[in-house]
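Trainee: First, the structure itself, so that you have it in front of you.
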């Protein structure tokens, strides 16, 4: 079993990243047997679809590496690296551009969502982004890829590209990656709008809890989170139509390991004046050790670069046979 997943290094990790993905990465890492391997990468080559200054991009990569290690990713047990240190990602992406079809990419809903009405002004990189994602996965012959609802279409594209390449060139090179739907997959929403995902791109910092927020900031954000005047119901079913209330109960349940029904039962009939302080305390106790470890790690650029260099060396070694075989299958002398 070979698991692969990546995250863009664009700003600090927030609670949604941690509960929705990173905590599950740590669990997968911890549950791996000696014959299996996890590859976790910082998708800095994906990040170039948005203009960013050189120094800021470098800082973001190092900070994201520090955050992942602080959250529990162990560079000795998992392969942790950034794409740019492994040029095979870009090379295989270009080879796969000859296999992928414009019609397939035209159907990618995320591209349509991101560009809106400004399709002509969008980066070409944003359009072919899913081909690089396919290269990320197929390069390591990943057997499993953790995905959320918004990434299922991209994984299907990777499988389509792999199938067409194998068929076109008469090889059995690329593994068909299967999705992993985590047992406990949390979809964390904005603290200001329960119908929108928590996002680092939201202009309001009050909409999210950053993993770098101190105890007071966390408590303040929770207390000011949007809610409604109704008390909490006895069961989670009573949260229907109450997006903000449902989001806060979901966060509490995910952090505590209890069910939303159990949380509702504990606070049934009480208002958010009683619920929010309890949620705030739980968040503070959960995130404090991650924040403290992160702040310690991010001050040592040399150590962070050494972690990424070590991971890149492992990744490049694992990628080389696949890349070499792809060149050979296409009749390209290398």
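Just so you know, all these numbers are worked out from the coordinates, no wet-lab data involved. Because the structure is a prediction, the values reported are computed rather than measured. Glycine gets a Cβ as well: all are built from the backbone with ideal geometry, and neighbour counts include every protein chain shown.
Trainee: Set the Förster distance to 30 Å, then compute FRET efficiency between residue 74 and residue 200 from the Cβ-Cβ distance, nearest 0.05.
Mentor: Working: r = 25 Å, r/R0 = 0.82.
Rounded to the nearest 0.05, the efficiency is 0.75.
Trainee: How big is D for the stretch 126-278, in µm² s⁻¹ as a whole number, if Stokes-Einstein is applied with the Kirkwood radius of its Cα pairs at 4 °C and 1.567 mPa s?
Mentor: On the way: Rh = 18.3 Å.
Value of D from the Cα-based Kirkwood radius: 71 µm²/s.
Trainee: Another one. With a cut-off of 8 Å between alpha carbons and a minimum separation of six or more residues, what is the relative contact order of the chain in percent?
Mentor: Values: 486 pairs, mean separation 77.1, N = 334.
With pairs under 8 Å counted, the relative contact order is 23 percent.
Trainee: Run the quick spin-label model on residue 151 and residue 163: label points 7 Å from Cα toward the beta carbon, then report their separation in nm to one decimal.
Mentor: So the two model labels end up 2.2 nm from each other.
Trainee: Mind computing the radius of gyration and Dmax over the alpha-carbon atoms of the stretch 1-122? Å is fine for both.
Mentor: 16.3, 49
Trainee: Also, I was wondering about something else. Give or take rounding to whole Å, what are the principal axis extents of the alpha carbon atoms in the chain, in descending order?
Mentor: 70, 43, 41
Trainee: Residue 171 to residue 48: FRET efficiency via 1/(1 + (r/R0)^6), r the Cβ-Cβ distance, R0 25 Å, to the nearest 0.05? Walk me through the intermediate numbers first.
Mentor: Values: r = 31 Å, r/R0 = 1.23.
The formula returns an efficiency of 0.25 here.
Trainee: Can you compute the modelled spin-label distance between residue 58 and residue 332, with each label point 7 Å from Cα toward Cβ, in nm?
Mentor: Label at residue 58, label at residue 332, 3.0 nm between them.
Trainee: Could you tell me how many degrees, from 0 to 90 and to the nearest 10, lie between the Cα long axis of helix 54-71 and the main elongation axis, the longest principal axis, of the Cα atoms of the chain?
Mentor: Approximately 60 degrees, to the nearest 10.
Trainee: Here is a follow-up. Report the gain in length on full extension from residue 288 to residue 31: 0.36 nm times residue separation, minus Cα-Cα distance, nm rounded to one decimal.
Mentor: On the way: separation 257, 0.36 × 257 = 92.52 nm, distance 2.44 nm.
Full extension from residue 288 to residue 31 adds 90.1 nm.
Trainee: What number does the stretch 33-95 give for Rg over Rh if you use C-alpha atoms and the Kirkwood radius? Intermediate values should be presented prior to the final figure.
Mentor: Numbers: Rg = 13.4 Å, Rh = 13.1 Å.
Using only Cα positions, Rg/Rh for the stretch 33-95 is 1.02.
Trainee: Shifting gears a bit: Run the helix sum for the chain: -39,500 (n - 2.57) per DSSP H stretch of 4+ residues, divided by residue count, reported at 222 nm to the nearest 500 deg cm²/dmol. Let's see the in-between values first.
Mentor: Values: 12 runs with 170 residues, N = 334.
Calculated at 222 nm, the ellipticity per residue is -16500 deg cm²/dmol.
Trainee: Contour minus end-to-end for residue 105 and residue 237, with contour as 0.36 nm per residue of separation and end-to-end as the Cα-Cα distance? Could you put the intermediate results ahead of the total?
Mentor: Details: separation 132, 0.36 × 132 = 47.52 nm, distance 3.90 nm.
Here the segment from residue 105 to residue 237 would lengthen by 43.6 nm.
Trainee: Would you mind checking the tilt of helix 301-330 against the longest principal axis of the Cα atoms of the chain, expressed as 0 to 90 degrees and rounded to 10?
Mentor: Tilt relative to the chain: about 40 degrees.
Trainee: Then there is this: Would you mind giving the average projected area, over all directions, of the Cα convex hull of the stretch 259-298 in nm² with one decimal? Before the final figure, lay out each step's value.
Mentor: Working: hull surface 14.1 nm².
So the mean shadow area of the Cα hull is 3.5 nm².
Trainee: When only alpha-carbon atoms count, how far does the stretch 212-334 stretch along each of its three principal axes, as whole angstroms with the largest first?
Mentor: 71, 38, 22 Å, listed from the longest principal axis down.
Trainee: Springs between alpha-carbon atoms under 10 Å, Gaussian network over the chain: tell me which of 155, 239, 283 tops the mean-square fluctuations.
Mentor: Of the options given, 239 has the highest mean-square fluctuation.
Trainee: Compare 263, 307, 102 in a GNM of the chain, Cα atoms joined below 10 Å, and give the one with the largest fluctuation.
Mentor: Looking only at 263, 307, 102, the biggest GNM fluctuation is shown by 102.
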